[in-house]
Amino acid sequence: MNKIGWSDFVIWQCSLRQRNFRMFGGKPSEGTVANLFDPKTDKVICEIRTVLMEKNPTNTAKMFEFMIKQTHELELRFDKIVKFLSSEYYNTPKDFDGSFTATFVKDSDLYKKIYRKQKLNVQFFERGTGFHFPVNVSRLKKIEPKWKYTFWHNSFFNSNLHENIEIFHFIPIKNEIKEVSD
């Protein structure tokens, strides 16, 4: 594993996500899925679909909520979000900090396992390129902009999503990032 700069990961994530929306209608690719590892045993705990976090998600969270509440037509909602996220949204990697979130069923075994750890190793990998780094894990509260951003973002793709979920925020330890390749 080679040592690299943090911005390399953020640029790579923005590029993958924009490509997924432009070419695959928003279908997540392998590189947007995080493998979570126990830092002591280095064994995989699980794979999670992630939402890349903006540095300041407040306005986008409000816009997502408005877009969801604007219509009950699921197909129209989906088309709007794909159009939005495939356009200019990921063109400015400096707007993202590289942290990410994921939703979990409240009080599930997986939720409890991650909550107890609070520090994990993460690996993202796609098409011969990847990144490996440790993260601190924190549980978000419903009043936090990152919780709202994640909830409304995921509501476009899961119309059955309800607020009785837990959202974890995975905060990278940036100076320990390493590049991974085949």
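The values are calculated or read from the model by the stated rules, or taken from the named source; none is laboratory data. Nothing here was measured: the structure is a model prediction, and the numbers come from that model. A quick note on method: Cβ atoms are made from the backbone with ideal geometry, for glycine too, and the neighbour counts reach across all protein chains shown.
Side notes on the structure shown:
- THR150 fulfils the conditions (1) assigned to a strand (DSSP E or B); (2) modelled with pLDDT of 95 or more; (3) in contact with a helix residue (DSSP H, G or I) (Cβ under 9 Å, 6 or more places away or on another chain) except for a single criterion, (1).
- A count restricted to the stretch 153-182 and to residues that are in a loop (DSSP other than H, G, I, E, B) and within 19 Å of PHE124 (Cα to Cα) stands at 3.
- The stretch 148-170 residues that are under 24 Å from GLN118 (Cα atoms) and in contact (Cβ under 8 Å) with a residue 12 or more places away in the chain, paired with ones that are of a type in the set (D, E, K, R) and in a helix (DSSP H, G or I) (beta carbon under 6 Å, 6 or more apart): HIS169/LYS146
- Residues of the stretch 41-62 satisfying the condition of being in contact with a helix residue (DSSP H, G or I) (Cβ under 7 Å, 6 or more places away or on another chain) and under 18 Å from PHE156 (Cα atoms): ARG49, THR50, VAL51, LEU52, MET53, GLU54, PRO57, THR58, THR60, ALA61
- The condition of being surrounded by fewer than 19 Cβ atoms within 10 Å (Cβ to Cβ), closer than 22 Å to LYS55 by Cβ and among the aliphatic types (A, V, I, L, M) does not hold for VAL122.
Matching residues to (1) on the phi > 0 side of the Ramachandran plot; (2) among the charged types (D, E, K, R):
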position: LYS62; (1), (2): no, yes
position: HIS72; (1), (2): no, no
position: LEU76; (1), (2): no, no
position: ASP79; (1), (2): no, yes
position: LYS83; (1), (2): no, yes
position: GLY98; (1), (2): yes, no
position: VAL105; (1), (2): no, no
position: ILE114; (1), (2): no, no
position: GLN118; (1), (2): yes, no
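- LYS80 vs. criteria more than 17 Å from the chain's Cα centre (by Cα), assigned to a helix (DSSP H, G or I) and at pLDDT 95 or above: no
- Test: residue in the stretch 100-109 that is assigned to a strand (DSSP E or B), closer than 26 Å to GLY25 by Cβ, of a type in the set (Ser, Thr, Tyr) and in contact with a strand residue (DSSP E or B) (Cβ under 8 Å, 6 or more places away or on another chain): yes
- Here LYS27 fulfils each of the conditions (1) within 14 Å of the chain's Cα centre (by Cα); (2) part of a loop (DSSP other than H, G, I, E, B); (3) over 23 Å from GLY130 (Cα atoms); (4) not β-branched (Val, Ile, Thr) apart from (3).
- Top-ranked residue of the stretch 34-71 - restricted to ones that are of a type in the set (Ser, Thr, Tyr) and not in a loop (DSSP other than H, G, I, E, B), ranked as surrounded by the fewest Cβ atoms within 10 Å (Cβ to Cβ): THR58
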